[in-house]
Amino acid sequence: MTIPTASFAGRAVFRIGYGAAQLARLHDRRGEAVALLRRAVDLGVDHVDTAEFYGFGFANEVIRETLRPEDGVLVVTKVGADPNPGGRLPLRQAQRPEQLRASVEDNLRGLGVDRLDVVNLRRLDTGPGLRPEGDQVVDLDDQLAVMTALRDEGKIGAIGLSSVTLDGLRRALPAGIACVQNAYSLASRDDEDMLELCAAEGIAWVPFFPLGGAFPGLPKVTEEPAVHAVAESLGVTPSQVGLAWLLHHAPNVLLIPGTADATHLEANMAVSEITFDAATLATLDAIESRSNEVPIG
């Protein structure tokens, strides 16, 4: 049986949260977006992942409108990229210290709060995606300096890292790191050593692209025959198997699956009830891991 909660930034949270990026799909149906997030909270979500560049501020607006203090939801946002309406990509790199500070202020305004619970510093060191160029190549120590200053000022509660290397995490540990968000799934387990370090240090591991396949070239969990076989035997979907494996794999894993559909939301939350026997887990563990170092853009 999976453990229902894990420690995150000094709090015990339900291990299945909600990633708000998909709320942007409901941009023209704001009422539906609010209702969906409210439904997530009613189902037990107490950890929401967001960013000012999700829907060019729309996700943060919905969170601000929907969540109440008594809900006790830990809201995690990120800096290192900013909205880029009309650009070739919907976001642009914002790695410089002054940009990180400005992004924190943007998230404070967007969420309507005086303090952000957790802020992930989105590096561009590893995993699928862009790599920094020009003045966006910034030393991690310089970034951590401004992040810790913001924490000291009371604008940030805790600091996380995203798209970071193992060496980068080790360098950052003295600053106090609450979580790591890297691309990681059953089909792409490059960061196993980092996950183990996080477990040892009491750091939450919050994988993005938890089923892989979000972009062309990324390994896709739901295309694995073994995953389909397990899903059929348990009467669940391949996606649910992929998410449940993550919960079984390590006790510090927290999930933030995103969706714009209430039925899909309920299916994601039901993953906490899925159990694997030893043979099934061994079958899934034997799936080949493939790299997620795929350029995007």
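Once neighbouring chains are kept in place and the probe is 1.4 Å, which whole percent of the accessible area of the chain is contributed by carbon and sulfur? Display every interim value, and only then the final one.
Numbers: 6330 of 12460 Å².
C and S atoms contribute 51 percent here.
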**Item:** Accessible area in the full protein assembly, largest first, 1.4 Å probe, for E61, E70
**Value:** E70, E61
**Request:** Quote to one decimal, in nm, the extra length available between A200 and S233 on full extension: 0.36 nm per residue of separation minus the C-alpha distance between them.
**Result:** 8.5 nm
**Request:** Please list the non-local residues whose amide H lies under 5 Å from the amide H of N182, H modeled 1.01 Å from N, same-chain partners needing a gap of 5 or more.
**Result:** S163, V206, F208
**Prompt:** Can you list the residues, at least 5 places off or on another chain, whose amide H is less than 5 Å from the amide H of A9, using H built in the peptide plane?
**Reply:** A204
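Efficiency by 1/(1 + (r/R0)^6): what FRET value for R88 and R131, r their Cβ-Cβ distance, R0 = 25 Å, to the nearest 0.05? Don't skip to the answer; put the middle values down first.
Working: r = 16 Å, r/R0 = 0.63.
According to the calculation, E is roughly 0.95.
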**Request:** Note down the magnitude of the dipole of the chain about its Cα centre, charges +1 on Lys and Arg C-beta and -1 on Asp and Glu C-beta and zero elsewhere, to the nearest 20 debye.
**Result:** 560 debye
**Item:** Distance histogram in 5 Å bins (all Cα pairs of segment 194-280, percent per bin)
**Value:** 3, 13, 22, 24, 22, 12, 4, 0
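Using a/c under 1.5 as the rounded threshold, could you call segment 9-143 rounded, prolate or oblate? The axes a ≥ b ≥ c are square roots of the C-alpha gyration tensor eigenvalues, and prolate needs a/b larger than b/c, oblate otherwise. Provide the component values of the computation, followed by the final result.
On the way: a/c = 2.00, a/b = 1.52, b/c = 1.31.
Prolate, since a/c reaches 1.5 and a/b exceeds b/c.
Just by accessible area at a 1.4 angstrom probe, what is the order of E293, E223 from largest to smallest? Spell out each step's value before the answer.
Details: E293 90, E223 130 Å².
Result of the area sort, largest leading: E223, E293.
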**Fill in**
Rounded to the nearest whole number, the per residue volume of the convex hull around the C-alpha atoms of segment 1-89 in Å³ is 117 Å³
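Over segment 237-297, what portion of Cα pair distances is larger than 14 Å, expressed as a whole percent? Intermediate results must be reported in sequence, preceding the final value.
Values: 1171 of 1830 pairs.
Percent of Cα pairs beyond 14 Å in segment 237-297: 64.
Can you work out the FRET efficiency for the pair D141 and D277, with r the C-beta to C-beta distance and R0 = 41 Å, to the nearest 0.05? Kindly include the intermediate steps, with their values, before the conclusion.
Numbers: r = 46 Å, r/R0 = 1.13.
Result of the calculation: an efficiency of 0.30.
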**Fill in**
Whole-percent tail of the Cα-Cα distance distribution for segment 1-41, cut at 17 Å, equals 46 percent
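Please calculate how many Å² of accessible area segment 23-99 carries per residue, with a 1.4 Å probe and no DNA, RNA or ligand atoms counted.
Details: 3470 Å² over 77 residues.
For segment 23-99, the solvent-accessible area averages 45 Å² per residue.
As a test of understanding, state the convex hull volume per residue of segment 69-179 from its alpha carbons, in Å³. Before the final figure, lay out the partial values.
Working: hull volume 12.8 nm³, N = 111.
Expressed per residue, the convex hull around the Cα atoms of segment 69-179 is 116 Å³.
Quick one: if you take sqrt(5λ) for each eigenvalue of the C-alpha gyration tensor of segment 150-297, what semi-axes come out, biggest first, whole angstrom?
Values: eigenvalues 155, 57, 49 Å².
Listed largest to smallest, the semi-axes of segment 150-297 are 28, 17, 16 Å.
Would you rank K78, K220, K155 by solvent-accessible area, highest first, keeping every protein chain in place and using a 1.4 Å probe? Numbers along the way, then the final one.
Working: K78 10, K220 80, K155 55 Å².
Output order, biggest surface exposure first: K220, K155, K78.
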**Request:** Could you tell me which label, among (i) 34; (ii) 53; (iii) 38, carries the value of percent of Cα pairs over 27 Å apart calculated for this structure?
**Result:** (iii)
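The values are calculated or read from the model by the stated rules, or taken from the named source; none is laboratory data. Note that the coordinates shown come from a computational prediction; the quantities given were computed from them, not determined experimentally. Quick reminder, even Gly has a Cβ in these numbers, built from the backbone with ideal geometry, and neighbours come from all protein chains shown. These area figures cover heavy atoms from the full protein model, side chains too; ligands, DNA and RNA do not enter into them. Shrake-Rupley method; radii C 1.70, N 1.55, O 1.52, S 1.80 Å.
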